Amino acid sequence: MTYLYAGLLGLALGITVRIGLPGLPLLLAAAGLLAMRTLRALRRRDQDLEPRNDVERWIFGTCANWALFNCELTTGPAAALAPNYERTPMLFGGRLGPYDSKEQRQYFLAMLDNPWDIHSRRGLLKTVTYMSTGPGFQKCRTKADQAWELCRCTQLLAIAFRLGWISRQDMVRRSCQVGRLIQRTFSGWQEMSESFLDSALEWMGTEQGQELRRTIHRALWLRPDSPYNLPWDLPLN
């Protein structure tokens, strides 16, 4: 339908050019329809930040600790959620909507800038490759190191989706590739999540931050909707 409205807008513009002002109402009507359609699409996309199916929930599980922590860092309504991690929304990228707002873009771009030093889609995808199938993963010596590298890959892909750098389909496809490597590397959710937590605790600079990470870890095992309830060997297609 968006293509139809765009076509109408083009037709209206052509008519306006040919016959002048009499074609202006048609041009304005077509432009209004296109704008309404775009706004509806953006609202639906904002509502689609939650995992839709078991494959997406499995993917979310690999970076769930970071996502819930990231959600609690927001200001405004989300700040009132703390410390109830059992009910914190599970959203790709962690942060609440609205999707692709100026504030959201600034937040994620700042996160990529420091500490990642990532400033483009190309740079982000290169980093994911480096940490999953490249030297970043190959140099790992412990399970904690491996979890830190691999789980942050799905985290970065979620950020790329939130920024509009990749589509949801591409995020899922690339995350499934990383996910299959995660399945081969760890014996199950417990080993993966505890290994990631070990590295996260090292990275956190304060005792308060470390305790938040531990609280999230415990909450993820208690939530009825936890991705950790899914089979570890779920086919990631």
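One table, with the values for the structure above:
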{"quantity": "Residue within the range 175-195 that is under 10 Å from the mean Cα position of the chain (by Cα) and β-branched (Val, Ile, Thr) present", "calculated": "no"}
{"quantity": "Scan of the range 122-155 for residues that are open to solvent by 20 Å² or more (accessible area, probe 1.4 Å) and β-branched (Val, Ile, Thr), ordered by number", "calculated": "Thr127, Thr129, Thr133, Thr142"}
{"quantity": "Count - residues of the range 156-195 that are within 26 Å of Arg213 (Cβ to Cβ), outside any helix (DSSP H, G or I) and open to solvent by 50 Å² or more (accessible area, probe 1.4 Å)", "calculated": "1"}
{"quantity": "Residues within the range 196-219 that are among the β-branched types (Val, Ile, Thr) and in a loop (DSSP other than H, G, I, E, B), tallied", "calculated": "1"}
{"quantity": "Filter result (part of a loop (DSSP other than H, G, I, E, B) and either hydrophobic (A, V, I, L, M, F, W, C) or within 12 Å of the chain's Cα centre (by Cα) (or both)) within the range 87-119", "calculated": "Met90, Leu91, Phe92, Gly93, Gly94, Arg95, Leu96, Gly97, Tyr99, Asp100, Ile118"}
{"quantity": "Scope the range 196-216; condition among the polar types (S, T, N, Q) and either open to solvent by 20 Å² or more (accessible area, probe 1.4 Å) or more than 18 Å from Arg141 (Cβ to Cβ) (or both); matching residues", "calculated": "Thr206, Gln208, Gln210, Thr215"}
{"quantity": "Meets criteria (under 26 Å from Ala219 (Cβ atoms) and open to solvent by less than 40 Å² (accessible area, probe 1.4 Å)) for Arg87", "calculated": "no"}
{"quantity": "Search result, residues across the range 220-237 that are assigned to a loop (DSSP other than H, G, I, E, B) and exposed (fewer than 14 other Cβ atoms within 10 Å of the Cβ)", "calculated": "Pro224, Asp225, Pro231, Asp233, Pro235, Asn237"}
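The values are calculated or read from the model by the stated rules, or taken from the named source; none is laboratory data. Computed from a prediction, not measured in an experiment: that's the story for all the values here. Every residue, glycine among them, receives a Cβ derived from its backbone with ideal geometry; neighbour counts consider all protein chains shown. Surface areas here come from the heavy atoms of the whole protein model, side chains and all, with no ligands, DNA or RNA. Shrake-Rupley method; radii C 1.70, N 1.55, O 1.52, S 1.80 Å.
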